[in-house]
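Notes for the one structure printed next.
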Amino acid sequence: MTDELGREMRALLSKMSGYPIGESDYVSYFVNEHGERLVFVRGRKKKTAVLLHSDLGWEPKQIAGPPTSGGANKDLPAGVRRFFGDVPVAGDIILNHPEALWLKACLMATD
């Protein structure tokens, strides 16, 4: 039964986001306090994961590591970093603290 449920969940999340989710991919789903939906997908033995966010039009974003504080993120221009302080970011994605904790847990679960 859990295999069937897993297949159904993957199919539903794939349909919702428009992103293909494989049978053996690790998948996690999160809804933030604003009702925005996030989906984490990582294939087995893959170095990077994919983050899908409803507020970003479900555009697949590659995630290579855990969120960092925006003020320390070297991917952002120096003029932008000073405004972010301890705001969590993953690449160019701005997260809130619960989203960052969820993303970190997903990455830890798939290492």
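The values are calculated or read from the model by the stated rules, or taken from the named source; none is laboratory data. The structure displayed is predicted, hence computed values, not measured ones. Counting neighbours? That spans all protein chains shown, and the Cβs are built from the backbone with ideal geometry, glycine included. Remember, those area values only see protein heavy atoms, side chains included, never the ligands or the DNA or RNA. Shrake-Rupley method; radii C 1.70, N 1.55, O 1.52, S 1.80 Å.
Residue pairs, Cβ under 8 Å, 6 or more apart or interchain, first in region 12-25 and free of Cβ contacts under 8 Å to residues at least 12 places away in the same chain, second assigned to a loop (DSSP other than H, G, I, E, B) and of a type in the set (A, V, I, L, M, F, W, C). List them.
SER14/ILE21
Could you list, in sequence order, all residues of region 82-111 that are touching a Gly at 6+ places or on another chain (Cβ under 9 Å), hydrophobic (A, V, I, L, M, F, W, C) and over 20 Å from HIS34 (Cα atoms)?
PHE83, PHE84, LEU107
Give the residue that is farthest from ALA105 (Cα to Cα), with candidates limited to residues of region 15-61 that are touching a strand residue (DSSP E or B) at 6+ places or on another chain (Cβ under 9 Å) and among the small types (Gly, Ala, Ser).
Per the criteria, the residue is GLY18.
Just one of (1) open to solvent by 60 Å² or more (accessible area, probe 1.4 Å); (2) without any contact (Cβ under 8 Å) to a residue 60 or more places away in the chain; (3) of a type in the set (A, V, I, L, M) trips up ALA109, so point out which.
(2)
Would you pick out the residues in region 16-60 that are part of a helix (DSSP H, G or I) and surrounded by fewer than 18 Cβ atoms within 10 Å (Cβ to Cβ)?
The answer is MET16, SER54, ASP55, LEU56.
Would you be able to tell me the number of residues in region 61-85 that are touching a residue at least 40 places away in the same chain (Cβ under 8 Å), surrounded by fewer than 17 Cβ atoms within 10 Å (Cβ to Cβ) and either of a type in the set (A, V, I, L, M) or closer than 19 Å to ARG10 by Cα (or both)?
Total satisfying the criteria: 0.
For VAL89, only one of the following conditions fails: (1) under 13 Å from the mean Cα position of the chain (by Cα); (2) closer than 29 Å to ASP3 by Cα. What is its number?
(2)
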